[in-house]
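Since the structure comes first, as structure tokens, the remarks are kept for the end.
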Amino acid sequence: MRQTLVAGNWKLNGSKESIQTLVKGIADGMSDVDGTAVAVCPPYVYISMVADLLDGTEIGLGAQDVADQETGAYTGEVSAAMLKEVGCQYTLVGHSERRSIYGEQDADTAAKFAAAQKEGLTPILCIGELLEERESGDTENVVARQLDAVIELSGVEALADSVIAYEPVWAIGTGKTASPQQAQDVHAFIRSKIAGLNADVAAKVQILYGGSVNGGNAAELFAMEDIDGGLIGGASLTSEAFLAICTA
Ligand code: PEP
């Protein structure tokens, strides 16, 4: 039985004050969250502060991105070792906003995935298709290509120590959610593709759904066989909305 995980991606949002309030609110509500692991991914500059605020709670900590390099002349980058040192257990890699706004390629994401694992961070590998790719029937090809880049570099076994987040790009921040069946179909495809290479890894890997999840649709999505929780953007920015998903 895979454990459910709900992770909040705060993106470029928050201030010291608002984040203190948010973390306190989530921590206070954790007694109502049963059997689901919870994690938050603040902007880099607040990670240390959030690590202190989370001390003594069950809430995990992640970054939103990580460098594909270990050290050196890479202005603006933050390494996996640095993230680990300040208390992260997770990092997102390949979020669609990194891919579409900043031009991150599949090979870049694969290198970030490997860099994270090398330092003992659990990568949350984000994959998903654009609207035009879904409409042209290419969803499976796209997620297979994105997964293959990681498998080619790190091997299928590496997925056992990672989390996959299926996030259809047309559903991110748009208020449009994939139906539970649409999401389940892609999750089942991802799991069966991995099973074709290694059945144990496929059975173990958590596959989260992301894309306009909220307290009203989370329970139905999370009830699907291959959906093991959610990666949450907008609805992770208030403790009430986030906890409604964590308790779903
Ligand atoms: C995300 O950015 O990963 C995400 C799922 O955002 P939202 O929940 O706002 O669609």
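The values are calculated or read from the model by the stated rules, or taken from the named source; none is laboratory data. Model, not experiment: these values are computed from the prediction. Methodologically, a virtual Cβ is constructed for each residue, glycine included, from the backbone with ideal geometry; neighbour enumeration extends over all protein chains shown. Side chains are part of the model used for accessible areas, which takes the heavy atoms of the whole protein and leaves out ligands, DNA and RNA. Shrake-Rupley method; radii C 1.70, N 1.55, O 1.52, S 1.80 Å.
A few points about this structure:
- Test: residue in the range 159-168 that is open to solvent by 30 Å² or more (accessible area, probe 1.4 Å), away from the ligand (no atom under 14 Å from the Cβ) and in a helix (DSSP H, G or I): yes
- Any hit, the range 44-67, residues being on the phi > 0 side of the Ramachandran plot and open to solvent by 80 Å² or more (accessible area, probe 1.4 Å): yes
- Within the range 188-205, the only residue that satisfies the criterion of being open to solvent by 50 Å² or more (accessible area, probe 1.4 Å) and either within 14 Å of the ligand (Cβ to nearest atom) or of a type in the set (S, T, N, Q) (or both) is Ser192.
- Only one entry of Thr109, Thr91, Thr36 meets the criterion of being among the β-branched types (Val, Ile, Thr), more than 24 Å from Leu153 (Cβ to Cβ) and surrounded by 18 or more Cβ atoms within 10 Å (Cβ to Cβ), and that entry is Thr36.
- The set of residues in the range 211-220 being near the ligand (Cβ under 8 Å from one of its atoms) and touching a strand residue (DSSP E or B) at 6+ places or on another chain (Cβ under 8 Å) consists of Val213 alone.
- Selection of the range 112-130 for residues being of a type in the set (D, E, K, R) and either touching a strand residue (DSSP E or B) at 6+ places or on another chain (Cβ under 9 Å) or within 18 Å of Glu152 (Cβ to Cβ) (or both) yields Lys112, Lys118.
- Within the range 211-220, the set of residues being crowded, with 22+ Cβ neighbours inside 10 Å and either at pLDDT below 95 or assigned to a helix (DSSP H, G or I) (or both) comprises Ala218 only.
- Matching option when the condition is within 18 Å of the chain's Cα centre (by Cα), crowded, with 18+ Cβ neighbours inside 10 Å, part of a helix (DSSP H, G or I) and free of Cβ contacts under 8 Å to residues at least 40 places away in the same chain, among Arg99, Arg134: Arg99
- Residue among Leu208, Leu243, Leu231 that is touching a residue at least 60 places away in the same chain (Cβ under 8 Å), open to solvent by 10 Å² or more (accessible area, probe 1.4 Å), within 16 Å of the ligand (Cβ to nearest atom) and not in a loop (DSSP other than H, G, I, E, B): Leu243
For every residue, the table says whether it meets (1) within 16 Å of the ligand (Cβ to nearest atom); (2) in contact with a helix residue (DSSP H, G or I) (Cβ under 9 Å, 6 or more places away or on another chain); (3) assigned to a loop (DSSP other than H, G, I, E, B).
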site: Leu83; (1), (2), (3): no, yes, no
site: Cys88; (1), (2), (3): no, yes, yes
site: Thr109; (1), (2), (3): yes, yes, no
site: Gln117; (1), (2), (3): no, yes, no
site: Val142; (1), (2), (3): no, yes, no
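- Condition met for Ala223 (free of Cβ contacts under 8 Å to residues at least 12 places away in the same chain, more than 15 Å from the chain's Cα centre (by Cα) and away from the ligand (no atom under 16 Å from the Cβ)): no
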